[in-house]
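What follows is a set of notes on a single structure, which appears directly below.
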Amino acid sequence: MPLRIAGLVLSATLMFGALSFYLFIDNLSVRRPAVIELSDSRQYIVERVDFPSLFFGEDFSYLRVTDQDAPKYIYRSPLYPTRLLLLQVNEGEGRVSVPNIDFLTAEKIFVFHDRRWMDHAMNYFVSNTPYVVESLGEGER
């Protein structure tokens, strides 16, 4: 009998942990942004959302891009150091950009231009959009 109770407690704890993690991930698309900007054409909403960092030594954030023509699709970038995420939004042909990051609007992909990119395990859960990293050379910055 005590073994059965221990098994039930363990099962309940695991289910509670899984449910909490699911709610955390589900909340990423509706979390309150720290900064909101509109693209020049007002077609895209670009938001910087701070990520709660209990285990990182540095503050991280992610970009959230919403196309006004299809607002049910919200594109989240991988984590990036908050100090480097300046929201000076520029819009060009087929892209919406902030310094060091482009969002290609046709392909729906993020392109990071960074020499010292560090991938984080949480990116698997945070980012719902493909991304590539293009390493910058010394003279390209």
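Just so you know, all these numbers are worked out from the coordinates, no wet-lab data involved. Here the structure is a predicted model, which is why all the values come from computation and not from measurement. Virtual Cβ from ideal backbone geometry, glycine too; neighbours counted across all protein chains shown.
When we screen 78, 71 for residues that are touching a helix residue (DSSP H, G or I) at 6+ places or on another chain (Cβ under 6 Å) and either in a loop (DSSP other than H, G, I, E, B) or of a type in the set (A, V, I, L, M) (or both), the only hit is 78.
Apart from one condition, residue 66 fits all of (1) in contact (Cβ under 8 Å) with a residue 24 or more places away in the chain; (2) buried (at least 17 other Cβ atoms within 10 Å of the Cβ); the exception is (1).
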